[in-house]
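Notes for the one structure printed next.
The values are calculated or read from the model by the stated rules, or taken from the named source; none is laboratory data. What you see is a predicted model, and the numbers here were worked out from it, not measured in a lab. Neighbour counts run over all protein chains shown; Cβ positions are idealised from the backbone, glycine included.
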Amino acid sequence: MTGSAEGPGPGARSWRSWRRLGLRAAAADTDGMANDQMANDQMANEQMANGQMANGRTEGGIDAMRVRSLVGLSLGLVGPRANLAVSGVLLTLLVSSRVSSAVAITFALTANRLVGWIAYPVLGRASDRTRSVAGRRAPYMATGLLLMGICTWAYTWVSGFWFLVVLIVVVKTASVVFGLTNVAVIPETFGKSRTIKATILIGVLGAIVSLIIKGTVIATWKANDPSTWNLPFREAGGLMMIVAVAVLVLVREAPAALDAAEQALHAPRPWRREMADIMSGPNARVLVGGILVFWSGLSATGYLAIVYFEKVQHAGANVQTIASYVSGVPVVMFGLAGGYLLSRHLTRKQVAVLTPLAGTVVSLVQFTTTHIWQTVVLAFVGAPLFTAFVISLAPMLLQLLPRSGGMGELLGKLVAPFSLFAVAFSFLAAWAVDVTGDYRVIWLFPAGAGLVQAVVMLWLRVPPGHERAELTGLYERMSESIMTQVTGSDRPLLGGVVTADDADAASLFDMARNILGNPYEDVIDVPAERRPEAEPTADGDGPPAAAG
């Protein structure tokens with residue numbers, strides 16, 4: 001078993017050398033954040049003392065701009081929900097009806113990644129720096145929705161393969177840009193202290209619309225009759241074009257968000273230097289390599305799995321849509337319960353190695369399945385280990401997130417590497433399908449990726465004393481944070497003060513780090529003589545071996 005933190009693992013590194021690994025940059029970031037926090041606190045105190053809101057009205061009133069933004073964002077979420085309803089199963093089957101080559105299908109559905117890996121951080125930074133009468137985010141959100149709507153409407157209208165590819169590239173790129181700016185604008189409009197409440201309320205309408213479109217699919221889609229495919233695409237496209245106008249007219253960030261944005265622009269940091277700092281941290285190469293291998297293997301099945309379900313398991317769009325409901329929320333809830341229990345009994349390293357190995361087994365079993373409901377069962381089997389992986393390694397992974405730039409740029413830099421690394425395995429899997437003529441071979445790629453990831457995770461070094469996920473108090477901290485936002489009377493969704501600190505969406509990453517904790521904190525901050533677990537004491541007696 002590979003669970004011991006100081007067990008024989010390849011490339012073992014002493015904790016003394018870890019202290020020197022990337023910690024100077026972390027200390028500099030900490031000092032800068034502390035200074036920014038003091039400035040923001042002073043600004044917040046001045047606003048509260050004056051009893052004024054950011055737009056000059058009294059604290060106790062309703063913010064009309066926030067009311068308009070709430071309506072605009074609620075309507076705006078209809079767009080991506082409508083896109084999601086047709087961009088998975090329906091779009092893949094539409095492409096496969098026009099071309100039979102797996103490579104051609106993969107190219108049509110993933111070509112956007114060839115440009116997206118650089119476009120996303122560039123456009124994210126551009127939205128951070130945009131100044132217009134419509135604010136920073138609304139122009140990008142509205143443009144993305146409009147392009148998505150026009151192209152989705154035209155999916156079944158254009159003929160041939162290459163015109164369809166162009167439309168798909170535009171839709172998928174615009175969809176990600178909309179998503180980046182939409183995530184950023186919610187805390188910038190309502191404040192971080194109201195983000196959960198706003199997200200819940202905004203999400204309800206979008207979920208209802210998604211159900212309506214998927215209901216249309218189940219009722220009207222006939223796999224052998226392309227004339228029945230028009231309605232879902234036209235319905236989704238029309239909705240996206242309508243809500244694009246609503247977003248542009250209604251959505252505005254809080255004025256204080258501009259103050260936070262100006263602070264973020266004072267000292268832009270080169271991306272190459274930030275990448276070097278991230279990769280110099282503890283476990284950085286192991287975790288980044290393992291996660292990208294996992295994502296590449298998962299992406300290899302991607303859209304081809306939908307064609308596999310149709311050709312091998314004989315499940316059309318309506319059956320796959322129903323299966324997605326069954327394997328959606330129920331699988332997530334089952335995974336949360338099982339993953340929580342597993343993370344309490346297994347060490348972080350055991351979870352890090354066993355989860356990809358379990359993924360390999362699930363993929364090989366999937367290779368032999370003949371019915372889509374067997375796939376649903378496998379989803380329930382794999383969910384607990386996947387959730388345990390997230391619970392156990394999330395505190396380590398959060399330390400690798402970018403720290404400089406505005407929220408749009410941060411999200412763009414987070415998405416970019418996944419977009420790039422997903423391409424290679426996707427085309428390899430498609431090439432294998434074309435060579436063998438068998439769609440089942442796509443499952444060999446996540447199986448192989450699972451083995452590679454498990455080997456990579458053997459190099460994971462867990463700080464002594466942190467071998468298991470630290471769940472004590474985590475539920476209370478998360479519950480308190482959520483309940484305070486949702487039920488707190490001092491944080492009305494449409495009233496109260498939104499300060500520059502509260503509107504600084506970029507600090508959401510730091511908030512997540514604070515909630516989940518830093519497993520390396522003791523190694524970084526505590527002097528060597530005060531860390532008996534990590535190094536021998538002065539008299540030469542070493543500490544007892546850490547458990548598990």
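Of the residues I208, I242, I218, I278, which is modelled with pLDDT of 65 or more, in a helix (DSSP H, G or I) and over 25 Å from V185 (Cβ atoms)? Within the list I208, I242, I218, I278, the selection yields I278.
Taking each residue of region 323-345 that is under 16 Å from G88 (Cβ atoms) and looking for partners that are of a type in the set (S, T, N, Q) and in a helix (DSSP H, G or I) with beta-carbon atoms closer than 8 Å, six or more apart or interchain, yields A323/T375; S327/T375.
How do the pairs read when you match residues in region 153-178 that are touching a residue at least 60 places away in the same chain (Cβ under 8 Å) and closer than 20 Å to V103 by Cα with residues anywhere that are charged (D, E, K, R) and in a loop (DSSP other than H, G, I, E, B), using Cβ under 8 Å and keeping only pairs 6 or more apart or on different chains? Sorted first by the residue in region 153-178, then by its partner, the pairs are G160/R98; F161/R98; L164/R98.
Within region 411-420, being buried (at least 20 other Cβ atoms within 10 Å of the Cβ) and either of a type in the set (G, A, S) or in contact with a Leu (Cβ under 7 Å, 6 or more places away or on another chain) (or both) holds for L411, G412, A416, S419. Exactly one residue among A379, A315, A352, A284 is over 20 Å from the mean Cα position of the chain (by Cα), on the phi < 0 side of the Ramachandran plot and small (G, A, S), and that residue is A315.
Each row is one residue, and each column tells you yes or no for (1) buried (at least 19 other Cβ atoms within 10 Å of the Cβ); (2) aromatic (F, W, Y); (3) more than 27 Å from N518 (Cα to Cα); (4) touching a Pro at 6+ places or on another chain (Cβ under 8 Å).
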site	(1), (2), (3), (4)
F427	no, yes, yes, no
A430	yes, no, yes, no
V433	yes, no, yes, no
T436	no, no, yes, no
F445	yes, yes, yes, no
L451	no, no, yes, yes
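When the helices (runs of 4 or more DSSP H) confined to region 370-489 are screened for residues that are modelled with pLDDT of 90 or more and among the β-branched types (V, I, T), those reaching at least 1 such residues are found at 372-398, 407-436, 444-456.
Test of understanding: among R272, R252, which residue is surrounded by 20 or more Cβ atoms within 10 Å (Cβ to Cβ) and either modelled with pLDDT under 85 or not in a helix (DSSP H, G or I) (or both)? I'd like the intermediate steps shown before the answer.
Values: R272 fails: surrounded by 20 or more Cβ atoms within 10 Å (Cβ to Cβ).
Of the residues listed, the single one that is surrounded by 20 or more Cβ atoms within 10 Å (Cβ to Cβ) and either modelled with pLDDT under 85 or not in a helix (DSSP H, G or I) (or both) is R252.
Starting from residues that are touching a helix residue (DSSP H, G or I) at 6+ places or on another chain (Cβ under 7 Å) and either surrounded by 21 or more Cβ atoms within 10 Å (Cβ to Cβ) or small (G, A, S) (or both), keep the ones in region 314-324 and report whichever is farthest from L428 (Cα to Cα). By that ranking, first place goes to A323.
Scan region 93-116 residue by residue and report those that are hydroxyl-bearing (S, T, Y), touching a helix residue (DSSP H, G or I) at 6+ places or on another chain (Cβ under 6 Å) and surrounded by fewer than 22 Cβ atoms within 10 Å (Cβ to Cβ). Listed by number, the residues that qualify are S96, S101.
Here D438 qualifies as without any contact (Cβ under 8 Å) to a residue 40 or more places away in the chain and of a type in the set (D, E).
Taken over region 60-92, residues that are touching a strand residue (DSSP E or B) at 6+ places or on another chain (Cβ under 9 Å) and buried (at least 21 other Cβ atoms within 10 Å of the Cβ) amount to 2.
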